[in-house]
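The values are calculated or read from the model by the stated rules, or taken from the named source; none is laboratory data. The structure displayed is predicted, hence computed values, not measured ones. Reconstructed Cβ throughout: ideal geometry from the backbone, glycine too, with neighbour counts over all protein chains shown. Side chains included, ligands, DNA and RNA excluded: accessible areas come from the protein's heavy atoms. Shrake-Rupley method; radii C 1.70, N 1.55, O 1.52, S 1.80 Å.
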Amino acid sequence: MPRYAYVNGRYLPHDAAGVHIEDRGFQFADGVYEVVTIQGGRLVDEAGHLDRLGRSLGELRLAWPMDRPVLQQVMRQLIRRNRVRDGIIYLQITRGTAARDFRFPEAATPTLVMTTRRMNLDPARQVAAGVDVVTIPDIRWKRRDIKSVALLAQVLGKQQAAEAGAFEAWQIDEEGMVTEGCSSNAWIVTGDGRLVTRDASTMILNGITRQSILRLAAEQGLQFEERAFTVDEARRAREAFLSSATTYVMPVTRIDGRPVADGKPGPLSRKLRESYRSYAVGAGAS
Ligand code: PDD
């Protein structure tokens with residue numbers, strides 16, 4: 001079955017799809033993106049992801065390339081054409097193609113690209129054992145709240161994690177506090193059972209999954225705090241986990257090679273994964 005990509009109004013065979021060499025995404029990383037999970041053919045947390053896309057576009061002073069409802073129709077059309085039940089849809093919008101000049105071009109049409117990928121959203125072995133993270137200095141720019149395609153620091157961080165046999169790298173700011181993973185938010189559970197994740201600011205990307213987990217935690221009457229925590233606090237935590245559109249809630253059982261608590265996924269992490277999964281197939285799906 002052919003796989004299609006959407007590029008500026010056309011559905012092209014994935015292998016042949018491309019944009020111009022002077023696209024500003026390619027030359028300056030002058031663009032933004034979103035990753036939305038497809039579970040059972042439906043989109044998870046679609047509204048949250050599109051709201052954040054609108055915010056990212058606004059921060060770059062880019063307009064929506066098409067009305068939001070039309071964009072949603074295109075997303076669905078691509079998912080249908082590619083017959084994706086479980087996986088992701090990736091959307092990227094750049095400032096378009098123009099002769100290389102740092103300043104905004106006077107008249108450029110934004111580039112809009114969408115691709116889909118099938119994915120196992122329930123990797124049983126990883127969920128059962130939990131994953132390893134390593135810690136690395138956070139060398140990114142200061143506007144991490146924008147979901148920009150400028151991901152070089154994350155590319156280097158993820159590669160370092162992979163070479164250490166880890167799933168993710170948690171980035172550490174200049175004060176020794178964990179900001180977030182390279183493509184996920186970081187969480188711990190303290191000794192007295194409180195859920196902790198970094199507060200949303202320009203220091204992190206405010207994960208849509210993160211926001212839904214906080215909502216679910218509040219509904220369940222769980223105690224939580226949005227604040228920074230140190231690597232040391234994470235190492236001494238009762239539990240740790242990470243969250244993103246693609247991983248949902250994923251238990252973290254080792255940090256820099258040392259086990260978190262008894263080195264097994266904790267009960268709260270498991271419970272929140274289940275809650276988020278139920279939400280993803282129910283109220284959070286569209
Ligand atoms: N990454 N922090 C960073 C730096 C991220 O790149 C991501 C997502 C998250 C989690 O956000 P959300 O819950 O909205 O997925 C946090 C996506 C999955 C990616 O780049 O592939």
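Quick look at the numbers
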quantity: Test: ARG117 is assigned to a strand (DSSP E or B), open to solvent by 60 Å² or more (accessible area, probe 1.4 Å) and closer than 30 Å to VAL281 by Cα; calculated: yes
quantity: All positions within segment 64-94 that are at negative phi and open to solvent by less than 20 Å² (accessible area, probe 1.4 Å); calculated: LEU71, VAL74, MET75, LEU78, ILE79, ASN82, VAL84, ILE88, ILE89, LEU91, ILE93, THR94
quantity: Matching residues in segment 72-104 - criterion: being without any contact (Cβ under 8 Å) to a residue 60 or more places away in the chain and more than 29 Å from GLY40 (Cα to Cα); calculated: ASP101, ARG103, PHE104
quantity: TRP141, sole failed condition from (1) surrounded by 14 or more Cβ atoms within 10 Å (Cβ to Cβ); (2) in contact with a helix residue (DSSP H, G or I) (Cβ under 9 Å, 6 or more places away or on another chain); calculated: (1)
quantity: Pair list, Cβ < 9 Å and 6+ apart or interchain, from segment 134-154 residues that are in the same structural domain as ASP30 (by TED's automatic domain parsing) to residues that are open to solvent by 30 Å² or more (accessible area, probe 1.4 Å) and part of a loop (DSSP other than H, G, I, E, B); calculated: none
quantity: SER278 being surrounded by fewer than 19 Cβ atoms within 10 Å (Cβ to Cβ), outside any strand (DSSP E or B) and within 22 Å of the chain's Cα centre (by Cα); calculated: yes
quantity: Residue, least open to solvent (accessible area, probe 1.4 Å), within segment 187-201, restricted to residues that are closer than 21 Å to ALA245 by Cβ and either part of a loop (DSSP other than H, G, I, E, B) or near the ligand (Cβ under 9 Å from one of its atoms) (or both); calculated: ARG198
quantity: Residue list for segment 162-186, restricted to those being open to solvent by less than 20 Å² (accessible area, probe 1.4 Å) and among the aromatic types (Phe, Trp, Tyr); calculated: TRP170
